[in-house]
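Peer 1: Mind having a look at this structure? Questions to follow.
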Amino acid sequence: MTTTSSGASSARLVVLAAGLGTRYGSLKQLDPVGPGGTALLDFALADARRAGLRGGVLVVREEIRRVVEDHLARTVGSRFDVQLVSQRLDDLPGRRPVPAGRSKPWGTAHAVWAARHALTGPFVVANADDYYGKGAYRALHSHLSGAGAFGAWALAGYRLDDVLSVHGPVNRGICRVDDDGWLEDIVEVREIQRARRGLIEGRTREEGLLRLDGSETASTNLWAFTAGAMAFFEAGLNRFLDERGGDRDAECLLPDVIRVGLGDEKCRVRVYPVEDEYFGVTRSEDRPEVAERLARLGHPWEGD
């Protein structure tokens, strides 16, 4: 593993790998579920490299940093420049104190902000425990090379039917997209699962039970951001801490922060429909199917 020295105009991949893996029962971001002991994050790094991104930044918890370094040294080596940064509870805007009793990570928006010192240009954000497909990375990199120059961000959008799990509920950002492909709204919906008579149900924090039909555009946290986006995330974090910082279980999530930005007209997000296969590991029951799919894909670094 090496650190990156790419220029300000080179987009990098930020991989969110600080999750606790509570429902999975282990460090799913490092689970050797792929060929040759590779993990899903290895496929993310390899696909990003082939799409044209110039390096990676892995956001991890400090207590797993060494084991992540060992994994990358074994699976990635010198093939792709990767830098590790830690998501710490006490890393808050304005050096705010950590509220008493807080032990849970601050959420995905904070994880992105934690990578701010490692980024000087545009970047793509992905989860460490999801496989998105090569086309998704190519679409977002192309956006940053073209439309991104005008300040618009981007999101890989999947059909909700294609990003559910047969083994239990999942969380997704449900999107409203206009006829020209621009994101109008996004709502974080938790515990989405198939219910009786083919219906799909989930829950939102504000409105409770939500019924869906599967045709909705869903976010699985694959985003593209232009240089300068960190100021937006810092403002979102400050707002979250003012409103909910005392709730020891509250998380500052990417869809929530971006939803506020859309409402305030502080950001524009282009949604790129993705038809590549998507899969991930949320529970241990997902593992056999994921292993089978990755085996068909082959080793992520084959040919490099």
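Nothing in this text is a laboratory measurement; each read-out follows from the coordinates by a stated rule. All values derive from a computational prediction rather than experimental measurement. Cβ sites come from the backbone with ideal geometry, for glycine too, and all protein chains shown count toward neighbours.
Peer 1: Quick one: which residues, 5 or more positions from S86 or on another chain, have an amide H under 5 Å from its amide H? H modelled 1.01 Å from N in the peptide plane, none for Pro or chain starts.
Peer 2: Those qualifying (amide H under 5 Å, at least 5 residues apart or on another chain) are V60.
Peer 1: State log₁₀ I(q)/I(0) for the chain at q = 0.07, 0.15 Å⁻¹ as given by the Debye formula over alpha-carbon point scatterers of equal weight, solvent excluded.
Peer 2: Here log10 of I(q) over I(0) equals -0.24, -1.28.
Peer 1: Go ahead and set up a Gaussian network model of the chain, Cα springs under 10 Å, then flag whichever of S103, S142, S284 fluctuates most.
Peer 2: Highest fluctuation among the options: S103.
Peer 1: K104: which lysines have alpha carbons under 27 Å from its alpha carbon, excluding same-chain residues fewer than 8 sequence positions away?
Peer 2: Within the straight-line limit of under 27 Å, K104 reaches these lysines: K28.
Peer 1: What distance in nm separates the simple spin-label points at S78 and D185, each placed 7 Å from Cα in the Cβ direction?
Peer 2: Inter-label distance under the simple model: 5.3 nm.
Peer 1: Taking θ = phi - 60°, what integer Hz values does the Karplus form 6.51 cos²θ - 1.76 cosθ + 1.60 yield along the stretch 92-102, in sequence order, with x for Gly and Pro?
Peer 2: Taking θ as phi minus 60°, the curve returns 10, x, x, 6, 4, x, 6, x, 4, x, 7 Hz for the stretch 92-102.
Peer 1: State the percent of C-alpha pairs, over all pairs in the stretch 149-304, separated by a distance greater than 21 angstrom.
Peer 2: 54 percent
Peer 1: Calculate how many DSSP beta bridges within the chain are antiparallel, expressed in % of all such bridges and rounded to the nearest 5.
Peer 2: Among the beta bridges of the chain, antiparallel pairing accounts for roughly 60 percent.
Peer 1: Starting from 0.36 nm per residue, how many nanometres of slack lie between A295 and R176 once their C-alpha separation is accounted for?
Peer 2: Using 0.36 nm per residue and subtracting the Cα-Cα distance, I get 39.4 nm.
Peer 1: If you don't mind, another one. Count charges around E289 for me, please; just the other residues with Cβ under 13 Å from its Cβ, Lys/Arg as +1, Asp/Glu as -1.
Peer 2: Value of the local net charge: 0.
Peer 1: Sticking with this one: Among 157-165, 88-96, 40-48, what's the highest-first ranking by average C-beta atoms within 10 angstrom per residue?
Peer 2: Ranked by mean Cβ neighbours within 10 Å, highest first: 40-48, 157-165, 88-96.
Peer 1: Let me ask something else. May I ask you to derive the relative contact order of the chain, considering only C-alpha pairs under 8 Å and at least 6 residues apart, and to give it as an integer percent?
Peer 2: 25 percent
Peer 1: Out of L241, L155, L53, any idea which swings most in a Gaussian network model of the chain, alpha carbons joined below 10 Å?
Peer 2: Evaluated over the chain, the most mobile residue of the options is L241.
Peer 1: OK, next. If you build a Gaussian network model of the chain, linking Cα atoms that sit under 10 Å apart, which residue out of D180, D276, D130 swings the most?
Peer 2: Maximum among the listed residues: D180.
Peer 1: Using r as the Cβ-Cβ distance of R194 and S284, and R0 as 22 Å, what FRET efficiency do you calculate, to the nearest 0.05?
Peer 2: Step by step, r from the Cβ atoms, then E = 0.65.
Peer 1: Next up: Please order L212, L140 by the number of other Cβ within 10 Å, starting at the fewest.
Peer 2: Lowest count first: L212, L140.
Peer 1: Please give the charge dipole size of the stretch 12-297, origin at the Cα centre, charges +1 on K and R Cβ atoms and -1 on D and E Cβ atoms. Round to the nearest 20 debye.
Peer 2: 660 debye
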